[in-house]
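These notes concern the structure reproduced below.
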Amino acid sequence: MRIKLVFVFLILTLITFQIKADTMDKNKETATFGAGCFWCVEAVFQRLDGVENVKSGYSGGEVENPTYNEVCNGTTGHAEVIQFDYDPELITFDELLEVFWKTHDPTTLNRQGADVGTQYRSVIFYHNEEQKKLAEVYKNKLDEAGIFDNPIVTEISPITNFYVAENYHQDYYDNNKNQPYCSFVITPKLEKFEKVFKDKLK
């Protein structure tokens, strides 16, 4: 009888754990942003509390399974993006949009700093109507408030595809901090970001 009770307890524990896991998965939502070189964007969003499974990749183009070289040529229509899961109870989509717009220049068409081309465009690929609405409202409010000297050119489009980039692009900054681009471009950007959003960091 005692062994049977222990067995029942174990089964109930496993069921409870599975229910919690399923509930946690259902609470997660997905976002896809492009804001220039995905190495930079990935490094920023990886550090936010509530954000998980950040992947660098390509979205918004016509070619299936594009390579990095193809996307860099600017002929596939894809943007370099990151896609990630987030927990709305820890960080809302509004807060993600705040980070998005404060960590790149959304007024330069198809350009971020020295990176030029449609693959570096500022873009939000929304996954549902709520994300679309919030992105459009936020964008309009920023323009109306004159936060930037020039109008925001961020593209807001439905997500139609996402192709994960080659393995060496994943966790690029963390794996290549001494590389010149990381040292001179990404590190200073992260230092500013961490000061502004220190209350949202992991």
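The values are calculated or read from the model by the stated rules, or taken from the named source; none is laboratory data. Not measured: the values here are computed from a predicted model. A quick note on method: Cβ atoms are made from the backbone with ideal geometry, for glycine too, and the neighbour counts reach across all protein chains shown.
Per-structure values
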read-out: Subset of the range 66-94 that is acidic (D, E) and in a strand (DSSP E or B) - its residue that is farthest from the chain's Cα centre (by Cα); value: E80
read-out: Residue list for the range 152-176, restricted to those being surrounded by 13 or more Cβ atoms within 10 Å (Cβ to Cβ), in a loop (DSSP other than H, G, I, E, B) and not β-branched (V, I, T); value: N161, F162, A165, Q170, D171, N176
read-out: Residue that is surrounded by the fewest Cβ atoms within 10 Å (Cβ to Cβ), among those in the range 76-96 that are acidic (D, E) and within 29 Å of N110 (Cβ to Cβ); value: D94
read-out: D115 vs. criteria modelled with pLDDT of 95 or more, closer than 23 Å to A165 by Cβ and surrounded by fewer than 22 Cβ atoms within 10 Å (Cβ to Cβ); value: no
read-out: Selection from the range 122-151 of residues that are among the aromatic types (F, W, Y), more than 16 Å from the chain's Cα centre (by Cα) and crowded, with 18+ Cβ neighbours inside 10 Å; value: Y138
read-out: Single unsatisfied condition, P106 versus (1) closer than 21 Å to S157 by Cβ; (2) modelled with pLDDT of 95 or more; (3) in contact with a helix residue (DSSP H, G or I) (Cβ under 7 Å, 6 or more places away or on another chain); value: (3)
read-out: Any chance L97 is more than 14 Å from E80 (Cβ to Cβ), within 15 Å of the chain's Cα centre (by Cα) and not acidic (D, E); value: yes
read-out: Residue count, the range 110-151 (criterion: of a type in the set (D, E) and outside any helix (DSSP H, G or I)); value: 2
read-out: Filter result (among the small types (G, A, S) and without any contact (Cβ under 8 Å) to a residue 12 or more places away in the chain) within the range 157-186; value: S183
read-out: Filtered residue count, the range 41-65, keeping only those that are among the aliphatic types (A, V, I, L, M), touching a residue at least 40 places away in the same chain (Cβ under 8 Å) and part of a strand (DSSP E or B); value: 2
read-out: Subset tally (residues that are among the small types (G, A, S) and within 21 Å of T92 (Cβ to Cβ)) for the range 112-146; value: 3
read-out: Conditions (1) under 22 Å from A79 (Cα atoms); (2) surrounded by 12 or more Cβ atoms within 10 Å (Cβ to Cβ); (3) not β-branched (V, I, T); number of the one not met by F193; value: (1)
read-out: Members of the range 114-140 that are among the small types (G, A, S) and out of contact with any helix residue (DSSP H, G or I) (no Cβ under 7 Å at 6 or more places or on another chain); value: A114, G117, S122
